[in-house]
Amino acid sequence: MQRRSFLHGLLTTTVLTTAGLLRASSGSSTHASSPSRPQLALTMDDPKLDLGAHMTWQEANRRLLEALDKRKLKAALFVCGMRVDKPEGTNLLGDWDSAGHLLCNHSYSHKMYLQRTSYADFAADFLRNEPIIKPFRNVTRLFRYPFLKEGDTAEKRDQFRSLLKEHDYRVGHVTIDASDWYVDQRMRERLQREPKADPGPYRDYLISHLLDRAQFYRQLALDVLGHEVRHTLLVHYSVMNALFLPDVLAAFENAGWQWIDAAHAFHDPVFLREPTTLPAGESLIWALASETGKFKDRLRWPGEDDVYEKPKMDALGL
């Protein structure tokens, strides 16, 4: 009964968006040439078989893939092996592969990151993940660092970059970083306590947060590089995004953004850049800005985290 109430409330509120916040998509092609509009691709981290009591992975897959298919949009899915390393995981990833989305490497355990572990252990964890994604047609040699952390020393940073090149990998950089995972966590905690709570305000906070971060990193990229880039937005495989991805996609379109395929985005020359910052990592745009030494007043470290969103959500009672 608890789960039924939860899903009933969510199904209702996903249809009824806050008045004036979103408009229905016009249905125009997401791939039309519109140089005046900033472009971005969807990249999604951490597909998992266990989403908790609120939703099965089968339902999450269905919702997420339907939202992307409606716009004929191809995303990049960054796979952390331990979360799908069961026979069912092959089915989960197979659904994304069959739909034509990129399957990429996000380490096996996600428990290590290069700021806090040795190069040897981190490299082994990266290589352990390769067999998880290797069988699929759309496996793509892009690697995303857990937590976007690329090393606390130049030696570790450069050693691992060399290993990636030896294995024909490039970094699956994020340009627009965000903390959608924390909004999802707060929503699920609330619904665990109050199964009939309205999740609509969490949807609205998510959209506001993502648009704010997109505008910040877009402007930072313009100021650092002097031109637009094809952006990559980081979101996570979660109950919240399974429910609200259609609203997120529409909100970005209504704000003037153009969705593009992830493969097209990653062909932007900006993704070949190798910032020399230490500690290495964060959004690629953050790192490029930091490297110049000119934007210290606009850069916080880490670039995104729950500590920035917690007081805002507390104040809103979320």
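Starting from residues that are under 14 Å from Val183 (Cβ atoms) and of a type in the set (Phe, Trp, Tyr), keep the ones in the stretch 202-236 and report whichever is surrounded by the most Cβ atoms within 10 Å (Cβ to Cβ).
Tyr202
Please state which one of Ile207, Ile260 is modelled with pLDDT of 95 or more, within 14 Å of the chain's Cα centre (by Cα) and over 22 Å from Pro302 (Cβ atoms). Spell out the reasoning first.
Numbers: Ile260 fails: within 14 Å of the chain's Cα centre (by Cα).
Checking each option against the conditions leaves just Ile207.
Can you name the number of the only condition in (1) under 30 Å from Asp212 (Cα atoms); (2) in contact with a Lys or Arg (Cβ under 8 Å, 6 or more places away or on another chain) that Trp181 fails?
Trp181 satisfies every listed condition except (2).
Could you identify the single residue in Leu243, Leu249 that is in contact (Cβ under 8 Å) with a residue 24 or more places away in the chain, within 12 Å of Leu40 (Cβ to Cβ) and part of a helix (DSSP H, G or I)?
Values: Leu243 fails: within 12 Å of Leu40 (Cβ to Cβ).
After ruling out the rest, the residue left standing is Leu249.
Among (1) exposed (fewer than 15 other Cβ atoms within 10 Å of the Cβ); (2) part of a helix (DSSP H, G or I); (3) at pLDDT 95 or above, where does Ala67 come up short?
(1)
Could you check how many residues of the stretch 185-244 are acidic (Asp, Glu) and closer than 25 Å to Ser36 by Cα?
Selection size over the stretch 185-244: 3.
What tally of residues in the stretch 150-172 results from selecting those that are surrounded by 18 or more Cβ atoms within 10 Å (Cβ to Cβ), in contact with a Lys or Arg (Cβ under 8 Å, 6 or more places away or on another chain), on the phi < 0 side of the Ramachandran plot and of a type outside the set (A, V, I, L, M, F, W, C)?
3
Quick one: Tyr182 ticks every box in (1) out of contact with any Phe, Trp or Tyr (no Cβ under 8 Å at 6 or more places or on another chain); (2) of a type in the set (Phe, Trp, Tyr); (3) farther than 22 Å from Arg298 by Cβ bar one, so which box is it?
Of the numbered conditions (1) out of contact with any Phe, Trp or Tyr (no Cβ under 8 Å at 6 or more places or on another chain); (2) of a type in the set (Phe, Trp, Tyr); (3) farther than 22 Å from Arg298 by Cβ, the odd one out for Tyr182 is (3).
Does Leu142 satisfy being modelled with pLDDT under 95 and closer than 21 Å to Phe271 by Cβ?
No.
So Glu309 clears everything in (1) of a type in the set (Asp, Glu); (2) closer than 24 Å to Cys80 by Cβ; (3) assigned to a helix (DSSP H, G or I); (4) under 16 Å from the mean Cα position of the chain (by Cα) except one condition, right? Which one?
Of everything listed in (1) of a type in the set (Asp, Glu); (2) closer than 24 Å to Cys80 by Cβ; (3) assigned to a helix (DSSP H, G or I); (4) under 16 Å from the mean Cα position of the chain (by Cα), Glu309 misses just condition (4).
May I ask you to list the residues in the stretch 281-298 that are loosely packed, with under 14 Cβ neighbours inside 10 Å and either charged (D, E, K, R) or without any contact (Cβ under 8 Å) to a residue 60 or more places away in the chain (or both)?
Passing the criteria: Gly293, Lys294, Lys296, Asp297, Arg298.
Considering only the stretch 192-217, state which residues are in a helix (DSSP H, G or I) and farther than 17 Å from Asp314 by Cβ.
First, pick out the residues of the stretch 192-217 that are in a helix (DSSP H, G or I): 192-193, 200-217.
Across the stretch 192-217, the qualifying residues are Gln192, Gly200, Arg203, Ile207, Leu210, Leu211, Asp212, Arg213, Ala214, Gln215, Phe216, Tyr217.
For the stretch 202-234, how many residues meet the condition of being of a type in the set (S, T, N, Q) and more than 14 Å from Phe252 (Cβ to Cβ)?
Narrowing the stretch 202-234 to residues of a type in the set (S, T, N, Q): 208, 215, 219, 232.
Remaining after also requiring more than 14 Å from Phe252 (Cβ to Cβ): 219.
The total comes to 1.
Collect the residues in the stretch 94-121 that are buried (at least 22 other Cβ atoms within 10 Å of the Cβ) and not small (Gly, Ala, Ser), keeping them in residue-number order. Spell out the reasoning first.
Of the stretch 94-121, the ones buried (at least 22 other Cβ atoms within 10 Å of the Cβ) are 96, 101-108, 114.
Passing the criteria: Trp96, His101, Leu102, Leu103, Cys104, Asn105, His106, Tyr108, Leu114.
Can you tell me which of (1) farther than 14 Å from Arg218 by Cβ; (2) hydrophobic (A, V, I, L, M, F, W, C); (3) in contact (Cβ under 8 Å) with a residue 40 or more places away in the chain; (4) part of a helix (DSSP H, G or I) is the one Leu278 doesn't meet?
Going through the list (1) farther than 14 Å from Arg218 by Cβ; (2) hydrophobic (A, V, I, L, M, F, W, C); (3) in contact (Cβ under 8 Å) with a residue 40 or more places away in the chain; (4) part of a helix (DSSP H, G or I), Leu278 breaks only (4).
The values are calculated or read from the model by the stated rules, or taken from the named source; none is laboratory data. On a predicted model such as this, the values are computed, not experimentally measured, just so you know. Cβ: placed from backbone, ideal geometry, glycine included. Neighbour counts: every protein chain shown.
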